[in-house]
Amino acid sequence: MNILILGVQGSGKGTQAKRVAAEYGIAHVSTGDMLRAAIAQGSELGRRVQPILDSGRLVPDELIVDLIRERIAGEQGFVLDGFPRTMSQAAALDEMLREEARELDVVLELQVSDEVATERMLARVEAEGRTDDTPETIRTRLELYHRETEPLVEYYRAKGIVVGIHGERPVDAVFSEIQETLERVAA
Ligand code: AMP
């Protein structure tokens, strides 16, 4: 199954994406994790993207698209987490999947208010010490989500593959709803 999870930072999409990948034996493809790993390794890519991540802005589309192309080649199924984030990335993904005669089966939209997302991100600053979670970057990332990423919900809704998930609940309750949805989609 090829799944995309959309949701603002702090919606819990990373946590849910990991669980879905583990439960269904598919790849968890998180561009944020991949970029942070490159930074930790001190690779050329890492050095290039570190200032961008620290500011909460978006890494250039071409760079991300190449990263994804390599990452999903040969994977039987995947859950995309953090990509696509712009309309141009969504178009590139469509093209990439079409070339391989594949498609997205479902887009899960994790719905969480900005207030709840902000609270959760601020809590994460303490817990994980992520350098890109500060009040300013949180604001930047929320704005970017609404402007650049939210339009993707309509784009995929027009394809009839979006399912909304209530994200303001405990992790297990959210995961159960996702499981029910995926069982419906697979049937
Ligand atoms: P995330 O862990 O998904 O919140 O990603 C952390 C940071 O990585 C973002 O704030 C961006 O700077 C960068 N990033 C991750 N995914 C993408 C993407 N698809 N396009 C552009 N930048 C991205």
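Restricting the calculation to Cα atoms, the stretch 33-187 shows an Rg/Rh of 0.96 when the hydrodynamic-style radius is the Kirkwood one. Remark: the chain carries a charge dipole of roughly 180 debye about the Cα centre, counting +1 on each Lys and Arg Cβ and -1 on each Asp and Glu Cβ. All C-alpha to C-alpha distances of the stretch 1-101, sorted into 10 Å bins beginning at zero, yield P(r) values of 14, 48, 34, 4 percent in whole numbers. As a ratio to 2.2 N^0.38 Å, the alpha-carbon radius of gyration computed for the stretch 100-161 takes the value 1.41. Can you give the net charge of the other residues whose Cβ lies under 10 Å from the Cβ of residue 92, counting K and R as +1 and D and E as -1? Around residue 92, the charge tally is -4. The P(r) of the stretch 45-89 has a tail past 16 Å containing 44 percent of all C-alpha pairs. Taking other residues whose beta carbon is less than 14 angstrom from the beta carbon of residue 157, and scoring Lys, Arg as +1 and Asp, Glu as -1, yields -2.
Remark: the residue 184-residue 126 segment gains 17.1 nm on full extension, using 0.36 nm per residue and subtracting the alpha carbon distance.
Would you kindly state how much longer the chain becomes between residue 148 and residue 168 on full extension, computed as 0.36 nm times their sequence separation minus their alpha carbon distance, in nm to one decimal?
On the way: separation 20, 0.36 × 20 = 7.20 nm, distance 2.24 nm.
Gain in length upon complete extension: 5.0 nm.
Taking R0 as 45 Å, what's the FRET efficiency between residue 24 and residue 136 from their Cβ-Cβ distance, rounded to 0.05? Once rounded, the FRET efficiency stands at 0.75.
Please sort 174-184, 103-113 by packing, taking for each peptide the average over its residues of neighbouring beta carbons within 10 angstrom, highest first. Each step should come with its number before you reach the end.
Working: 174-184: 15.9, 103-113: 18.8.
Top to bottom by mean Cβ count within 10 Å: 103-113, 174-184.
By the equivalent-ellipsoid construction on the alpha carbon gyration tensor, the stretch 71-116 comes out with semi-axes of 24, 13, 9 Å, ordered largest to smallest.
FYI, it's all coordinate maths here, none of it is from the lab. Since we're looking at a predicted model, the values are computed, not measured. Heads up, the Cβs are rebuilt from the backbone with ideal geometry, glycines too, and the neighbour counts pull from every protein chain shown.
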